[in-house]
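Shown below is the structure under consideration.
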Amino acid sequence: QVRFVESEGGLVQSGGTLTLSCTAIGSFTSLNAMGWYRQAPGKERELVAEAESTGTTTYADSVKGRFAISRDSAKPTVHLLMNNLKPEDAAVYYCFLLTPVDRYWGRGTHVTVAP
């Protein structure tokens, strides 16, 4: 069983900065990747950023150049630095951990961006 300790989201002004952090706690075989998805009202859940254990990172096109994901190599923790936030970035952000056999999800944290 895996659970997550996630930082709070919050309300940010357009153009502002916010950092999300997430630490996985529990037992799992091995870690392939960690990252975030997000889901806005009426929209499907989409990948925001992913950091693989190999060091490879993946970003949604809409956040490239604005968001940066980083992992703590000593523990299952991942950070998402979000710069130049836009109203369309407002969503519930879900941390995830991917193993060879399963994907675990955090409870989600709300990010609101005021115009």
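Kindly provide the set of residues from segment 82-115 that are surrounded by 13 or more Cβ atoms within 10 Å (Cβ to Cβ) and over 16 Å from Ala49 (Cβ atoms), ordered by number.
Matches in segment 82-115: Ala90, Thr99, Tyr104, Thr112, Val113.
If I ask for residues that are in contact (Cβ under 8 Å) with a residue 12 or more places away in the chain and either of a type in the set (A, V, I, L, M, F, W, C) or at positive phi (or both), which ones from segment 36-58 would you list?
Residues satisfying the conditions are Trp36, Ala40, Leu47, Val48, Ala49, Ala51.
Next question. Hey, can you tell me all the residues within segment 81-115 that are in contact with a helix residue (DSSP H, G or I) (Cβ under 9 Å, 6 or more places away or on another chain) and over 17 Å from Lys43 (Cβ atoms)?
Scanning segment 81-115 gives Met82, Ala114, Pro115.
Say whether the condition of being open to solvent by 30 Å² or more (accessible area, probe 1.4 Å) and at pLDDT below 95 is met by at least one residue in segment 43-51.
Checked segment 43-51: no residue is open to solvent by 30 Å² or more (accessible area, probe 1.4 Å) and at pLDDT below 95.
List the strands (runs of 3 or more DSSP E) that sit entirely inside segment 1-82 and contain at least 2 residues that are touching a Pro at 6+ places or on another chain (Cβ under 9 Å) and more than 26 Å from Val113 (Cα to Cα). Give the derivation first.
Working: elements: 2-6, 10-13, 18-26, 33-39, 46-52, 57-59, 67-72, 77-82.
Because the criterion is at least 2 residues that are touching a Pro at 6+ places or on another chain (Cβ under 9 Å) and more than 26 Å from Val113 (Cα to Cα), the strands (runs of 3 or more DSSP E) in segment 1-82 that meet it are 18-26.
Would you mind stating whether Ala68 is open to solvent by 20 Å² or more (accessible area, probe 1.4 Å), among the small types (Gly, Ala, Ser) and within 11 Å of the chain's Cα centre (by Cα)?
In short, yes.
The values are calculated or read from the model by the stated rules, or taken from the named source; none is laboratory data. Since we're looking at a predicted model, the values are computed, not measured. Cβ: placed from backbone, ideal geometry, glycine included. Neighbour counts: every protein chain shown. Protein only, heavy atoms only, side chains kept; ligands, DNA and RNA dropped before computing areas. Shrake-Rupley method; radii C 1.70, N 1.55, O 1.52, S 1.80 Å.
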